[in-house]
Structure formats: structure tokens, C-alpha cells
Amino acid sequence: MSDATDDGDLKPNGAAASRPFSAFERMVAWRYLRSRRKEAFISVIAGFSFIGIMLGVATLIIVMAVMNGFRTELISRILGINGHMIVQPIDGPLNDYAALADRLSKVQGVNMAIPLVEGQTLASGQGGAGTGALVRGIRADDLAKLKTVSDNIREGDLVGFASGSGVAIGARMAESLGISAGGQITLVAPEGDVTPLGVNPRVKSYTVSAVFEIGMSEYDASIIYMPLEEAQLYFNAEGIVQSIELFVADPDAVDALRQPVEAAAERQIFITDWRQRNRTFFSALQVERNVMFMILTLIVLVAALNIISGLIMLVKDKGSDIAILRTMGATSGSIMRIFFMTGAAIGTVGTFAGVALGVVVCLNVESIRQFFSWISGTTLFNPELYFLSQLPADMNPGETVSVIVMALALSFLATIFPAWRASKLDPVQALRYE
């Protein structure tokens, strides 16, 4: 006979039999969860199911948080340095850019309008090393309004920039070229002076007034800010700009601003927004995020299947116990609820343990990254590959709730078949073969 009659288990006409029925079911379910020598293998399977669900839920929460943080940080940095709407001329050059920028900045919903001159150059330091660079000509007042840049000056200041005699470069560019604030940077533009022998590249040196670091490696390694008038002279664009970038209060509402901006321009213009310019990048990021969610869900699914195997073995082992409970008056529904609670307890505790683990990791993800980088001696989450210098994590409450609901649903569904099988066990047959 099974060990159901050990001390503390059910006995006919005993104290346990007189308990309320729900308490009786909970007591039996809890007893089946406790580890015993005879059920060591079943307990091991239950333990693996618990660990699998915990790790699956934690991994899902961590990966989703990192993907959300990655997207949020990229958007904040991309939109912090680039306009939400870019206005370009159609009918002629932008030689009235000052007045046009003033009119556009007064449109409701537009925070500021910045005229820009842009051009590709080759930048080199005093040691001779060179790198490609994007020079952006901008007014000193407008650069001060770009808080992503002006609030992240690591060396020097913008005083020299405001006087028109200096440039501002990214920290990664300064490091690769061996330049610090006060040093000289040489720029080579392919379209330079026209001579009888052809077009000569334009070469000019500038003093580095400031070194900024916005935390996005691509920008820190490639962008040079130059005073607008100096950029116009350098790129043979005296008196004109190529575009006007608009920074708006709500980047998701750029469509509603198109008509007011076109009306305020009072000329033919072509408008592009940040979604059009970065559509491929953010679409790829969204696809990767969805695929990761589906793949990692399989971890939770496998753990739920372990619950099925563990409960089936438990039902087989407890056949005589089930028969005794039935002879004591327990209904098939009661037996089903007992085994349902046994499996559901594993899934519920594993799910919430996974949530706790995921939250702890998300709150300390950058410290964990630095620790493993120190242990391995390598750079995890290399900013040259992933654009950002730190590993971000942004937990979305809605997604976290979705993960919890999904894990609980899979766990509960996994317990239905073993519990139903236990409820259909014939007590006569079970006792006959015991």
C-alpha cells in the first residue's frame, strides 16, 4: 500500500477527513509537492519544471526590456541630434533661410527650426590618421539649443564655436584621431577650388573648441559641428543652406504638422520626417524583437511540458492513494482539482520567481554587463556594433503582464490532462494491481 497513511496524511474518520473539502484538497496537493525518497525522481522533474518556467519568464522579461531600452535610447539619441521633420526647397535655393526658419518656428507644435549646411569630408589629426566625417554647419544659438550635444560636452566649451573660430567633434572621433580640446583638426573636402587644372580638394585646419559625447557611437565617431557661416564658405554655399530641420513637441504627430508647415513656408518645399528616414532600421528592430519573443516563448513551453510529464508520473505513482481517496468519498472533480493545484503551484511559483529575477537583472543590467566584461576580458555589447555605449533596459508594464499571463496560461493548460487522467482512474483497478 502507498504511503498515504503516514503521519499527517489522510485517514478514514480521522481529523483530516473532517476538514472543509477545499482545505482537504489543498492539503493533499501540498503533500504531493513535498519531496520524499520514493518520489525523488518526480521531485526532480518538478524542480526542473519550476527552474525552466522561472528562467523562461525571466529571460523573456530581460530580452524584451533590453530590446525596448535599445529602441528607446536609439530614438532619443537619433531624434535628439536630427530633426523630426526636414524641410528642403523645390523651387530654388534656400537663401531666405533665416526668415523661413523664423516663420516655421512659430507654427504651433514646432519647438525650433534649425538651418543646416552638410557635407562629407576627410578628417585627420596631427598624427596623420584620417577618418570620414559629416560636417554640419549650424548657428551657435541653435547648437546651444540641441541639449543632446550642448549638455554632453566632455572637453572644452562652445565659446570658440560661438566666435566662429572653432568646431565641435565627437568623443570617439577625437580618440581615434588623437585630438583633444584646443587641438587642430584638418578637413579635406573633395569639392574645392576651381583652377585651370581642374577642381582641387579644399584643405583647411580648424581648432577643436569642444568634444561632445552623446552616447551613440556612430554619431560620436563621425559628426563635426561647424559654425554656419564658416561651413557655407567651406562648401561653396555662401548665403544658402541645404535644409531646415524642425524639432516638434510630439514626434509621433508629424503628419498633422505637414499642412501647417507647408502653409507657413510660403513657397514650394519637400518634407520628410524621421520615420521615413529611419523606416528600414526600426522595422528591422521590430522584426528582431518579435522573433526573439517567439523563440524565447519556447523555453516556457518546454517547461510546461515538463509539468505534464511530472504529473503523469505522479498520478501513476499515486494510483493507490487516489483509490483510497475515492473510497473515502472524494469525487472525481475533487481528485482533478488536487492534481490541478499541484501542477498549477509549480507554474505559478515559477512564473513569479521568474518575474522577480527578471526585474532584478533589468535594474542592474549595466553593472552585470560590466562584471562579465571584466571576467571575460572582452567588451560585451561593443558600442561600435550596437551604436550605444551602455546596455539599456526599459521594462514595459503591459509586456510584463502579457508574459505573466502567457506563462500562467501555459502552466495551467499543462496540468489539465494529467489532472483529468487522475480523476478518471478506476479505484477498483488501482487497488487490484497494488
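The values are calculated or read from the model by the stated rules, or taken from the named source; none is laboratory data. Note that the structure is predicted; figures quoted are calculated from it, not measured. Cβ coordinates were reconstructed from backbone atoms using ideal geometry, including for glycine residues, and neighbour counts include every protein chain displayed.
Quick notes
One line per residue, one yes/no per condition, for (1) under 26 Å from ALA330 (Cβ atoms); (2) of a type outside the set (Phe, Trp, Tyr); (3) under 20 Å from the mean Cα position of the chain (by Cα); (4) at pLDDT 80 or above:
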residue	(1), (2), (3), (4)
LEU363	no, yes, yes, yes
THR378	no, yes, no, no
PHE387	no, no, yes, no
MET395	no, yes, yes, yes
VAL401	no, yes, yes, yes
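- When residues of region 58-82 are limited to those that are assigned to a helix (DSSP H, G or I) and among the polar types (S, T, N, Q), the one modelled with the highest pLDDT: THR59
- Unique residue being at pLDDT below 90 and more than 15 Å from ASN82 (Cα to Cα) when the list is GLN276, GLN268: GLN268
- Verdict on VAL107 being more than 27 Å from VAL211 (Cα to Cα), of a type in the set (A, V, I, L, M) and not in a helix (DSSP H, G or I): yes
- Subset of region 206-259 [assigned to a helix (DSSP H, G or I) and surrounded by fewer than 20 Cβ atoms within 10 Å (Cβ to Cβ)]: GLU218, GLU229, GLU230, GLN232, LEU233, PRO251, ASP252, ALA253, ASP255, ALA256, ARG258, GLN259
- Close pairs (6 angstrom Cβ cut-off, 6 or more residues apart or separate chains): in the same structural domain as GLN259 (by TED's automatic domain parsing) and at positive phi in region 87-113, in a loop (DSSP other than H, G, I, E, B) and of a type in the set (Gly, Ala, Ser) anywhere: GLY109/ALA249
- Test result for GLY358, modelled with pLDDT of 85 or more, under 16 Å from the mean Cα position of the chain (by Cα) and surrounded by 18 or more Cβ atoms within 10 Å (Cβ to Cβ): yes
- Near pairs, Cβ below 6 angstrom, 6+ apart or cross-chain, from region 132-146 (in the same structural domain as GLN232 (by TED's automatic domain parsing)) to any residue that is outside any strand (DSSP E or B) and of a type in the set (A, V, I, L, M): GLY137/LEU228; GLY137/ALA231; ILE138/LEU228; ARG139/LEU228; ALA140/ALA162
- From ILE179, ILE185, residue being in a strand (DSSP E or B), buried (at least 21 other Cβ atoms within 10 Å of the Cβ) and of a type in the set (Val, Ile, Thr): ILE185
- Of all residues in region 240-268, those satisfying the criterion of being of a type in the set (A, V, I, L, M, F, W, C) and in contact with a helix residue (DSSP H, G or I) (Cβ under 9 Å, 6 or more places away or on another chain) are ILE240, VAL241, ILE244, LEU246, PHE247, VAL248, VAL254, VAL261, ALA264, ALA265.
- Test: residue in region 248-255 that is within 25 Å of MET112 (Cα to Cα), in the same structural domain as ILE179 (by TED's automatic domain parsing), touching a residue at least 24 places away in the same chain (Cβ under 8 Å) and of a type outside the set (A, V, I, L, M): yes
- Residue match in region 321-333 (condition: under 26 Å from MET64 (Cα atoms) and buried (at least 19 other Cβ atoms within 10 Å of the Cβ)): no
- Qualifying residue in region 145-159 (condition: surrounded by 15 or more Cβ atoms within 10 Å (Cβ to Cβ), hydroxyl-bearing (Ser, Thr, Tyr), within 25 Å of ILE214 (Cβ to Cβ) and modelled with pLDDT under 85): no
- All positions within region 287-333 that are free of Cβ contacts under 8 Å to residues at least 12 places away in the same chain, over 17 Å from GLY354 (Cβ atoms) and part of a helix (DSSP H, G or I): VAL287, ASN290, VAL291, MET294, LYS316
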